[in-house]
Amino acid sequence: MPDSFQIRPFNPATDFPGLAQLITEIHDEHLTPESLANDYATLDPKYAFSSWIVEIDGQIVGVGLYQQFPGRYHPRKFHLDIGVHPSKRGCGIGRALYQHLRDLLEPQDPISLSASTREDRADSVAFLERRGFKEKLRNWESHFDLTAFNPAELAEHVAAAEAAGYAFRSYPDLAGDPERDRKLYEMMMVARRDIPSPEPLTDISFEHFMKGFDRPTFLPEAWYIAIKDSQYVGVSNIWTTDEAEVLDTGLTAVLREHRRAGVAKALKVKALGAVKALGRYRKVKTWNATTNAPMLAINQWLGFVRQPAWITFLLQLKAEE
């Protein structure tokens, strides 16, 4: 490794501003140090996570980390994330970070490694393919122009679902239900199981689930729950981002036995209507696997416009157990 840069452990006491700036410049999306610090603070210590940075003359120009996702956990499977400042690419930083992470993981005898990049980032795609990573799953990123959205034009779809016995309530609307959070958690763990994933999905703990409501991006009025016969049967939620006028879609999912009844459409209309009514947002982003035809159709019906896809790659190191 050249002497011109060094890899060192991430220091949470000093590095959040520099790392947030680096990620902002890599992805061209604003990220604040406070938001990044919250992401790190809410990590579940039961799952592996290790973060390293690269410095040149005291400036953070690269980051590399490995982690395990609670929602698709396997003790010997890890996700890698490597980023290098656009002005410093081609200097060996990415190669050094990758080898460093591989060396750190070797004692854990990994079965496989995953990594993601956007399809229009040819250098990143080539970087992974040269190291033996194979495409596993694509997710379309899609954008919705909230300024042009008129919920009243789609009110009939909500009314049709209501006529079939479904009620749609926001998260604050259900504050009087002492079992709200537990019921929501249990429904979401079941409803999400059919979502396409590069690895089998696993349930997160209730405690980890509840941490989401403490995040600064939590927007309670944009969480809508579908209810039938007092049972929670579906959810759609939207989160804020560090870009003041831009929102991210979280999960839209409906229990299997309540699908094809217009519930997901109604949930999306209600959640988008709620953020439209707030009057301070202009765009909503979402991501859907290219194999998830039903949800892609709903988003296209609503007017979401597809952007370049995100590709998840997998490096199979050993046979599955």
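The values are calculated or read from the model by the stated rules, or taken from the named source; none is laboratory data. In this text the structure is predicted, and so the values were computed from the model without any measurement. Here Cβ is always computed from backbone atoms with ideal geometry, including for glycine, and neighbour counts include all displayed protein chains.
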Quiz item: Inside segment 210-236, can you point out the residues that are basic (Lys, Arg) and either within 28 Å of Arg260 (Cβ to Cβ) or not assigned by TED's automatic domain parsing to the domain that holds Gly250 (or both)?
Solution: Lys228
Quiz prompt | All positions within segment 97-115 that are crowded, with 19+ Cβ neighbours inside 10 Å and either under 24 Å from Gly18 (Cβ atoms) or touching a helix residue (DSSP H, G or I) at 6+ places or on another chain (Cβ under 6 Å) (or both) | solution = Leu97, Leu101, Ala115
Practice problem: Considering only residues that are hydroxyl-bearing (Ser, Thr, Tyr) and closer than 21 Å to Pro198 by Cα, look in segment 273-302 and name the one that is nearest to the chain's Cα centre (by Cα). | Solution: Thr286
Exercise. State yes or no: is Val275 touching a helix residue (DSSP H, G or I) at 6+ places or on another chain (Cβ under 8 Å), closer than 25 Å to Met187 by Cβ and part of a helix (DSSP H, G or I)?
Key: yes
Quiz item: Any residue at all in segment 69-83 that is at pLDDT below 95 and over 23 Å from Asp203 (Cβ atoms)?
Solution: no
Practice problem: Quickly run through segment 39-83 and pick out the residues that are of a type in the set (Phe, Trp, Tyr), outside any loop (DSSP other than H, G, I, E, B) and under 17 Å from Gly212 (Cα atoms). | Solution: Tyr40
Self-check item: Restricting segment 41-54 to residues that are modelled with pLDDT of 95 or more and over 28 Å from Arg193 (Cβ atoms), the residue that is surrounded by the fewest Cβ atoms within 10 Å (Cβ to Cβ)
Solution: Ser50
Practice problem: Might you check whether a residue that is more than 20 Å from the chain's Cα centre (by Cα), under 16 Å from Phe5 (Cα atoms), part of a strand (DSSP E or B) and not assigned by TED's automatic domain parsing to the domain that holds Ala289 occurs anywhere in segment 88-95? | Solution: no
Practice problem: Name the single residue, out of those in segment 96-112 being of a type in the set (D, E, K, R) and closer than 26 Å to Val61 by Cβ, that is nearest to the chain's Cα centre (by Cα). | Solution: Arg102
Practice problem: Answer yes or no as to whether Leu36 is more than 18 Å from Arg8 (Cα to Cα), assigned to a loop (DSSP other than H, G, I, E, B) and of a type outside the set (Gly, Ala, Ser). | Solution: no
Quiz item: In segment 5-30, what residues are without any contact (Cβ under 8 Å) to a residue 60 or more places away in the chain and in a loop (DSSP other than H, G, I, E, B)?
Solution: Phe10, Asn11, Pro12, Ala13, Thr14, Asp15, Asp28
